[in-house]
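Visitor: Quick one: structure below, then a few questions.
The values are calculated or read from the model by the stated rules, or taken from the named source; none is laboratory data. Fair warning: this is a prediction, and the values are worked out from it, not measured in the lab. Neighbour counts run over all protein chains shown; Cβ positions are idealised from the backbone, glycine included. Just the protein is used for accessible areas: all its heavy atoms, side chains included, with ligands, DNA and RNA removed. Shrake-Rupley method; radii C 1.70, N 1.55, O 1.52, S 1.80 Å.
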Amino acid sequence: MLRLPVSSTGRRGATLTRYSYGTICHAELAVRVRGMIDEALHALTGDGTLPRAALEMGYTVEKPKDPAHGDLATNIALTLAKPCSRPPRDIAGVLAERLSALAEDDDYIEEIEIAGPGFINFRAGDNYLADVLMGITRGFSGDGWARTDNPRKVLVEFVSANPTGPMLVVNARAAALGDVYCRLLNMTGHWAASEYYVNDAGGQILTLGRSLEARIRQARGEEFPFPGDGYPGDYLVDLASIYIEEMGDLPSPGEEDLWTHLGDWAAVKILAEQRRLLGLYGVEFDSWYHESAVREGAGPEQVIEILRDRGYLYESEEALWLRSTAFGDDKDRVLVKSDGSYTYLLPDLAYHMDKFDRGFDRLINIWGPDHHGYIARMRAGLSALGYPEDNFEVVISQWVRLMSGGHEVSMSKRGGTYVTMEELLEEVGRDAARFFFLMRSASSPLDFDLDLAKEQSNENPVYYAQYAHARISGILSGAAERGVEVPGPGDMDRQSLAPLGHATERALIRRLADFPGEIVGAAQSLEPHRLAAYVLDVAAHFHSFYTECRVLGDDARLTRARLHLCRASARVIAEILGILGVTAPSQM
RNA sequence: GCGCCUAUAGCUCAGUCGGAUUAGAGCACCGGCCUCCGGAGCCGGGAGCGCAGGUUCGAGUCCUGCUAGGCGCACCA
């Protein structure tokens, strides 16, 4: 019963942050339309046509679900109906008239219409479609495709698996998520760093040491009982023989020292292995922060000092308590146990305070579902320390069940009762593993279909997306073989792209126009699964286009335009897959 | 018992800030499409918002209650 954690309390950040885009796209078009609407509103309230209250109403500008409703639509007339005491369509008529006048000067908006209960629809023309394509092929991912006007310094902490055993499938899910969060935030103008918190202190290290001692003694043929609360996995048997090989005999001093020594030694080995595996998975952390360093530093004492000054500490039954109930926690929490040692919470608070002290103003932690009960006390503790609670976010990465043949896979090849991350990677490979994890929202428990992930066929979503990219590569090299020049990013203009008029071509371009906006949407909501869905949809649009339209044909102008469309499509697919950490092969 | 999460098609899941007489994919099932650039592809076909109320111009989306499942409720980490 392998269950692995993934996600979510997410969905904060409903801020009014604005983004500027590196290229003309759907989101940029929406910014322009919003500007036109605001201008129209000011004019109409200025001359008394509409009451001043109209300026206060919120409204949306978004892409309609039905393409027949144009490229963008606004509900402004509907929201104004009540404050203006006029029917929505009536208001829409007044607005649309003014907007149409403004659109005369706009290069892109070609048509404005009133529809349904009072929506105002905007349709963009050929200039827009051509500029979208040119913008995509000319853009540089290094510059980012979008930039926030409110950059934050973000620390994303994830995986942070205990160094007491191999990483499991849940850790792979968290690793994929955190890695993508950082990339998304950095791509949209924030400054994000990844960090791994190494829990290399506390009782678990002693337990690890005791477990290793038993394995070492057993390896030497002694009758030695394995501790009841020890770590039973085979990996410690392996580590025992490595220990004997590297270190020779066990040291002889007091038992406490022995266990600490063995525990530390094993933790270092296990940590190195975790790091190696994460590297294979394509996840590199910017920093590794050790709990032992936190405990050795002044942080925990400072936390106590600050909390005492602020009046949130009290002693009871010889323990030191945090009055976390003052900040919405269910019950107060012990910080220092009656035996004088720290609970996990105290150094953890010190650690998070240190994150803020290092200059980060937004902390994102990815935790497993078994830790969700810990969120309230952590948040309460940080509030008690005086930090705004909104700057601390926890994404719960929900459980993963590995499925094969319609059944849950629970037995490891190595005989344990879990499946390790390493086994998963050996089984399905990095691309499939990452894509499958990122395909679903972090907050929903995942049934990971091993059979499907291994399948090298059209049924496998990751292959579907990659195939589109490889197919385009094939077309481009095919062009070269036939002596057809593939136009470069700057070689095309509105005129030369005019031949693109087929329904599948226009649908594909419009979907490509969503590109930078999709990145921003995923970054703001911390929902990479939107990008997985998007890249699959772009691939689908490309395949449709490909089936309907021959790229390398007799008409040289049309061929050039379509080759350009191919390039733009490949670019978008590669960019999105790149964000997800999945390769975009040129052949497969 | 208290708290949090989840409930959408036979299965696995999307559904953005509450929007448009038809709620979307994929898998599975059925039927079409290769003289031609990669058929790992394309086109077409059925069925669904757990239950009951409420809010409103408008609800899968928000509120209340109920039902079912998951997780959490340590002087563990």
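Visitor: Does A:D286 meet the test of being open to solvent by 30 Å² or more (accessible area, probe 1.4 Å), under 27 Å from A:V154 (Cα atoms) and either away from RNA strand B (no atom under 16 Å from the Cβ) or in contact (Cβ under 8 Å) with a residue 12 or more places away in the chain (or both)?
Guide: Spelling it out, A:D286 is indeed open to solvent by 30 Å² or more (accessible area, probe 1.4 Å), under 27 Å from A:V154 (Cα atoms) and either away from RNA strand B (no atom under 16 Å from the Cβ) or in contact (Cβ under 8 Å) with a residue 12 or more places away in the chain (or both).
Visitor: Continuing with the same structure: Quick check on my filter: what residues within the range A:140-170 are open to solvent by 10 Å² or more (accessible area, probe 1.4 Å), within 30 Å of A:M421 (Cα to Cα) and assigned to a helix (DSSP H, G or I)?
Guide: Of everything in the range A:140-170, just one residue is open to solvent by 10 Å² or more (accessible area, probe 1.4 Å), within 30 Å of A:M421 (Cα to Cα) and assigned to a helix (DSSP H, G or I), namely A:V170.
Visitor: Does any residue of the range A:514-524 turn out to be more than 9 Å from RNA strand B (Cβ to nearest atom) and among the aromatic types (F, W, Y)?
Guide: Yes, the range A:514-524 contains at least one residue that is more than 9 Å from RNA strand B (Cβ to nearest atom) and among the aromatic types (F, W, Y).
Visitor: A follow-up question, please. Would the range A:466-482 turn up any residue that is surrounded by 15 or more Cβ atoms within 10 Å (Cβ to Cβ), within 27 Å of A:A570 (Cβ to Cβ) and more than 10 Å from RNA strand B (Cβ to nearest atom)?
Guide: no
Visitor: In addition: Criterion first (among the hydrophobic types (A, V, I, L, M, F, W, C), more than 32 Å from the chain's Cα centre (by Cα) and not assigned by TED's automatic domain parsing to the domain that holds A:R152) does A:L526 satisfy it?
Guide: No, not satisfied.
Visitor: Could you list, in sequence order, the residues of the range A:57-95 that are within 16 Å of A:R34 (Cβ to Cβ), open to solvent by 50 Å² or more (accessible area, probe 1.4 Å) and not aliphatic (A, V, I, L, M)?
Guide: A:G58, A:T60, A:E62, A:K63
Visitor: Let me ask you something else. Limited to the range A:96-139, what total is found for residues that are crowded, with 19+ Cβ neighbours inside 10 Å and under 25 Å from A:G488 (Cβ atoms)?
Guide: 12
Visitor: Select from the range A:387-397 the residues that are open to solvent by less than 40 Å² (accessible area, probe 1.4 Å) and not charged (D, E, K, R) and list them in ascending order.
Guide: A:N391, A:F392, A:V394, A:V395, A:I396, A:S397
Visitor: Here is a follow-up. Output the number of residues of the range A:553-588 satisfying the condition of being more than 30 Å from A:G279 (Cβ to Cβ) and open to solvent by less than 30 Å² (accessible area, probe 1.4 Å).
Guide: Residues meeting the conditions: 9.
Visitor: Is there a residue being polar (S, T, N, Q), more than 9 Å from RNA strand B (Cβ to nearest atom), modelled with pLDDT of 90 or more and open to solvent by 50 Å² or more (accessible area, probe 1.4 Å) anywhere in the range A:488-500?
Guide: The answer is yes; a qualifying residue exists.
Visitor: Quick one: in the range A:304-340, of everything that is of a type in the set (V, I, T) and surrounded by fewer than 19 Cβ atoms within 10 Å (Cβ to Cβ), which residue is nearest to the chain's Cα centre (by Cα)?
Guide: Selected residue: A:T325.
Visitor: Looking for whichever is more than 11 Å from RNA strand B (Cβ to nearest atom) and surrounded by fewer than 23 Cβ atoms within 10 Å (Cβ to Cβ) here; the options are A:R530, A:R510. Which one fits?
Guide: So the residue among A:R530, A:R510 that is more than 11 Å from RNA strand B (Cβ to nearest atom) and surrounded by fewer than 23 Cβ atoms within 10 Å (Cβ to Cβ) is A:R510.
Visitor: Can you find, within the range A:533-552, the residue that is surrounded by the fewest Cβ atoms within 10 Å (Cβ to Cβ) among those that are in contact with a helix residue (DSSP H, G or I) (Cβ under 7 Å, 6 or more places away or on another chain) and in a loop (DSSP other than H, G, I, E, B)?
Guide: Selected residue: A:L552.
Visitor: Please work out which one of (1) within 7 Å of RNA strand B (Cβ to nearest atom); (2) in contact with a helix residue (DSSP H, G or I) (Cβ under 8 Å, 6 or more places away or on another chain); (3) of a type in the set (A, V, I, L, M, F, W, C); (4) touching a residue at least 40 places away in the same chain (Cβ under 8 Å) is the condition A:A81 fails and give its number.
Guide: (4)
Visitor: So, one more: Out of the range A:341-375, which residues are open to solvent by less than 20 Å² (accessible area, probe 1.4 Å) and of a type in the set (S, T, N, Q)?
Guide: Answer for the range A:341-375, where residues must be open to solvent by less than 20 Å² (accessible area, probe 1.4 Å) and of a type in the set (S, T, N, Q): just A:N365.
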